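Presented below is the structure to which this report refers.
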Amino acid sequence: MVNSVIAGLTSGGGYALLGLCVVLTYRLVAVVNFALTAVGALGAFVMVSLTDRGVNALLALLAGVVFAALLSALLGAALVRWFAGHKEGTKAAVTVAIFVALTAVGVRLFGGNTTGAHRFPNPFGAPLFTVGDVVVPQSVPVSLAFAVLITVAVGLLLTRTRIGLKLQALSERPGTAEVVGIPAPRLAVGVWAGVGAVTTMVVVLVAPRLGGDFSTLSGLISTALAVAMVGAFRSLPLTLAGGLILGCLEGLSSSLDSIQKYQGVVPFLVILVLLWWRSRREIWDTEHGR
Amino acid sequence: MKRTLSTAAAALAVSVTVSVTAAGCQSGDSTKGPIKVGSINGITGLFQTPEVPKAVKAVFDEVNAAGGIGGRKLRLISKDDAMDPQRSSQAARELIKSDGVVAFAGSSSAVDCGLNRATYSKEKIVSVPAVGVDPACFTSPNIAPVNPGPYALTTAMLYYASETLKKQRICIDYTVLPGSGGGIENAIKKWTELTGKTLTHKNLAVGNGDPTRYLVADKNAGCEAVLYNATVAPWFSQAKTQGMQNVDFLLAANSYTDANAKVIPAGMNAYCGAEWQPYTDPSLPGNDRWAKIVEGHGIQKTAFSQGAVMAADVFVQVLKGIKGDITRASVTEAFKTMKPVAYPMAANPWVFGPGKEHNPIKGTRFVKADGGGWKVLPEGFTVPGEK
């Protein structure tokens with residue numbers, strides 16, 4: 001059982017990265033972006049399509065990142081242009097529709113889960129050390145470091161910089177932000193482009209572990225949302241912790257025979273309980289704050 | 001006058017209704033014109049097999065060019081269900097009720113069998129799928145696919161691991177569709193009955209996400225051979241990281257694609273049950289017939305198109321044996337009372353027969369991942385229980 005939990009923990013960094021991308025988008029542009037991993041997967045597949053043709057991996061990665069950034073910016077521009085005054089639910093619904101469309105296009109272009117499998121470059125696949133029976137590859141500390149970097153960098157950006165302040169204003173009161181002279185649409189589209197670029201890098205990093213075909217990578221949004229829920233779509237450190245918790249729970253649930261059948265559900269049940277617990281405290285605080 | 005008009009209107013309404021009913025509801029009893037045969041295929045959607053109806057039609061065209069069956073031509077009516085349950089049920093109803101097909105041949109849908117099995121039984125119509133995907137294809141009274149399917153294949157893979165590869169500690173990591181866990185358990189039990197051996201480790205709930213936890217559990221259990229049926233690329237990438245180069249992995253037929261052969265890293269041992277003679281070598285016995293059909297019509301060479309040619313061939317053979325009119329009733333009767341048909345591309349003779357469930361093909365050949373492709377292994381077909 002200990003080995004399974006350790007194995008699960010090694011997946012946590014990748015899960016945390018996915019969750020952080022969701023929270024990042026929500027904190028900066030106030031949209032729950034269901035199309036996030038579909039855009040990232042498209043960028044990743046642009047990259048492997050180029051490496052398959054003999055293009056240098058770094059150049060191909062750059063091309064994939066730029067492609068996803070542009071696509072994400074386009075999506076952001078559409079949301080800013082046509083859905084700026086709408087509720088969060090409406091914007092989320094738009095991204096769901098885009099997720100479905102991008103997944104259909106991606107599967108058509110790059111094949112399904114058996115015909116479209118690709119081997120992604122795995123530069124951090126070499127073993128680093130062994131804990132119990134689990135070989136820990138370099139990709140584990142790299143994922144964790146990337147996750148910590150995003151958490152710290154975005155935290156600092158939002159709290160310590162002028163642009164961060166503008167971004168927070170934009171996310172919380174877009175109308176007011178524009179009135180006080182913050183160039184809201186341009187800033188928002190820039191943020192969308194940045195999120196698209198970061199997500200592609202994350203998808204490329206986790207692909208050797210989590211899936212080599214388009215539909216699996218695009219479908220990582222469910223994991224990303226589950227992790228983001230732990231951080232209640234706001235807290236970056238809690239989201240990071242959420243990735244590690246999800247990994248541990250997966251490892252634990254697959255090692256216990258009695259709950260093995262339900263292992264797909266267990267992490268989500270625990271997250272639901274966590275959410276309920278958090279909201280219960282909030283209701284309590286609200287009641288007593290009156 | 002008014003009364004005459006209303007009577008005329010009523011008469012017109014009745015005649016329209018009658019003619020619509022006559023045109024819109026056919027029973028498959030017609031003894032003139034083409035013999036209509038239905039198929040439900042995934043053409044769009046997540047499960048795509050566009051080559052299947054093309055290959056079935058190619059076989060039918062060949063039969064028609066030689067004069068048809070009893071002077072009647074075969075006409076395939078294929079409907080795309082796009083893996084959409086509603087479209088699949090509607091397609092079956094339309095083919096049976098409106099088109100009046102005598103039977104289904106060469107279906108290849110991920111949802112058809114489970115959704116339409118009751119309709120096929122109620123309408124007393126048989127289906128010979130080219131590819132049984134859904135486990136319900138192998139547990140229904142009026143459906144008999146030409147591929148071994150997940151249950152027979154699992155028994156054959158276990159048998160190959162224990163009897164041919166001579167592995168002692170055999171494990172299984174499967175993703176099991178809802179409702180088919182019992183079938184897999186029975187397949188394992190059958191192997192135990194035949195060999196007296198039991199599994200070292202079993203996980204029938206492999207899900208999405210990082211496979212490291214399943215691989216570590218296999219390492220802990222000391223597995224020498226692992227049966228696996230889910231996503232290939234991350235599994236082997238992580239198995240390599242975990243140093244499992246000495247384990248033999250046996251993959252199910254859904255993994256037998258060119259793309260998967262390329263993602264298996266060098267040094268890993270990956271075998272795959274091919275269901276029929278492996279399609280990657282058209283020179284194998286029985287594959288010549290299939291290769292001639294698909295090459296002649298520019299159809300993609302896949303395991304699915306093999307199933308299509310086989311389903312069409314056995315279907316034609318049974319229809320040719322019918323004495324008297326070819327109707328839905330006579331076709332169903334012919335399949336339920338037929339004698340086994342030898343078909344060299346498959347492990348053993350194919351038969352429909354009277355049973356309540358049909359899984360006529362019991363064995364498979366194996367291929368091994370080698371240098372980015374699949375190498376055909378020399379052992380021939382593995383049929384559990386037959387040395």
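What follows draws every value from the coordinates through simple rules; no lab data is involved. Since we're looking at a predicted model, the values are computed, not measured. No Cβ is skipped: glycine too gets one built from the backbone with ideal geometry, and neighbour counts run over all protein chains shown.
If I model the protein assembly as shown as equal point scatterers sitting on the Cα atoms and use the Debye formula, what is log10 I(q)/I(0) at q = 0.07, 0.08, 0.12 Å⁻¹? Rounded to two decimals, the profile gives -0.55, -0.69, -1.24.
According to the Kirkwood relation over distinct C-alpha pairs, the hydrodynamic radius of chain A is 19.8 Å.
Per DSSP H run of n ≥ 4, the term is -39500 (n - 2.57); total these for the protein assembly as shown, divide by its residue number, and report the mean residue ellipticity at 222 nm rounded to 500 deg cm²/dmol. Mind showing how you got there, number by number?
Numbers: 24 runs with 367 residues, N = 677.
After summing the helix terms and dividing by the residues of the protein assembly as shown, the value is -18000 deg cm²/dmol.
Beta-bridge orientation, the protein assembly as shown: approximately 35 percent antiparallel, per DSSP, counting only bridges with both partners inside. Taking other Cβ atoms within 10 Å as a rough exposure proxy, A:Phe67, B:Phe138 sort from fewest to most as A:Phe67, B:Phe138. Were the residues from B:Gln300 through B:Lys368 laid out at 0.36 nm apart, the gain over their Cα-Cα distance would be 22.3 nm.
How large, in Å, is the range B:183-241 by the Kirkwood hydrodynamic radius built from its alpha-carbon pairs? Spell out each step's value before the answer.
Details: mean 1/r = 0.0783 Å⁻¹.
Averaging 1/r across every pair of different Cα atoms and inverting gives 12.8 Å.
For B:Gly207, the shell of other residues with beta-carbons less than 13 Å away shows a net charge of -1, using +1 for Lys and Arg and -1 for Asp and Glu.
Kirkwood Rh over alpha-carbon pairs of the range B:318-387, then Stokes-Einstein at 25 °C and 0.890 mPa s: what D in µm² s⁻¹, rounded to an integer? Mind showing how you got there, number by number?
Details: Rh = 14.7 Å.
In µm²/s, the coefficient is 166.
Would you give the gap between the C-alpha center of the range B:227-285 and the C-alpha center of the range A:171-209, rounded to a whole Å? If you average the Cα positions of each part, the centres end up 40 Å apart. Amide H contacts of B:Phe104: B:Gly38, B:Val126, B:Ser127, B:Val128, each under 5 Å away and 5 or more positions distant or on a separate chain (H built 1.01 Å from N in the peptide plane; Pro and chain starts excluded). Given their separation in residues at 0.36 nm each and the Cα-Cα distance between them, A:Phe129 and A:Val2 gain 44.1 nm when the chain is fully extended. Structure remark: mean-square fluctuation, Gaussian network model of chain B, C-alpha springs under 10 Å; the largest value among B:Gly33, B:Gly373, B:Gly353 belongs to B:Gly33. Computed from the alpha carbon atoms alone, the convex hull of the range A:176-290 holds 151 Å³ per residue.
Where a Cα-Cα gap under 21 Å defines reach, which lysines qualify for B:Lys356, not counting those fewer than 8 residues away within the same chain? Leaving aside lysines fewer than 8 places away in the same chain, those within reach of B:Lys356 are B:Lys122, B:Lys124, B:Lys189, B:Lys190, B:Lys336, B:Lys339. Evaluated with a Cβ-only charge set (Lys, Arg +1; Asp, Glu -1), chain B carries a dipole of roughly 880 debye about its Cα centre, given to the nearest 20.
Straight Cα distances below 17 angstrom link B:Lys166 to the lysines B:Lys197, B:Lys368, B:Lys387, with same-chain residues fewer than 8 positions distant left out.
Note on chain A: dipole from Cβ charges, positive end direction compared against A:Leu36, A:Gly242, A:Val180; the farthest Cα belongs to A:Val180.
Quick check on the range B:243-387: what does the Kirkwood estimate of hydrodynamic radius come out to from the alpha carbon pairs, in Å? Before the final figure, lay out the partial values.
On the way: mean 1/r = 0.0589 Å⁻¹.
By the Kirkwood definition, the hydrodynamic radius is 17.0 Å.
Just to be sure I understand: with springs between alpha-carbon atoms less than 10 Å apart, which residue in A:Ala207, A:Ala68, A:Ala78 has the highest mean-square fluctuation in the Gaussian network model of chain A? Of A:Ala207, A:Ala68, A:Ala78, the Gaussian network model singles out A:Ala78 as fluctuating most. Grab the beta carbon distance between A:Asn56 and A:Ile259, set R0 = 41 Å, and tell me the FRET efficiency rounded to 0.05. After rounding, the FRET efficiency stands at 0.30.
Dipole size in debye (nearest 20) for the range B:84-149 around its Cα centre, Lys and Arg Cβ +1, Asp and Glu Cβ -1?
On the way: 6 positive and 6 negative charges, 38 e Å.
The dipole of the range B:84-149 has a size of about 180 debye.
Give me the tail of P(r) for chain B as a percent: Cα-Cα pairs with distance above 30 Å. When every Cα pair of chain B is considered, 42 percent fall beyond 30 Å.
If R0 is 41 Å, what FRET efficiency do you get for A:Glu172 and A:Gln138 from their C-beta distance, rounded to 0.05? Walk me through the intermediate numbers first.
Values: r = 39 Å, r/R0 = 0.96.
Once rounded, the FRET efficiency stands at 0.55.
Per residue, the convex hull spanned by the Cα atoms of the range A:1-91 measures out at 127 cubic angstrom.
Applied to the range A:186-192, the Karplus parametrisation 6.51 cos²θ - 1.76 cosθ + 1.60 on θ = phi - 60° returns per-residue 3J(HN,Hα) values of 5, 5, 5, 5, x, 4, 4 Hz, with x for Gly and Pro. Taken over the C-alpha atoms, the range B:70-124 has Rg and Dmax values of 11.5, 37 angstrom.
If only the Cβ of Lys and Arg carry +1 and only the Cβ of Asp and Glu carry -1, the dipole of the range B:111-204 around its Cα centre is close to 280 debye.
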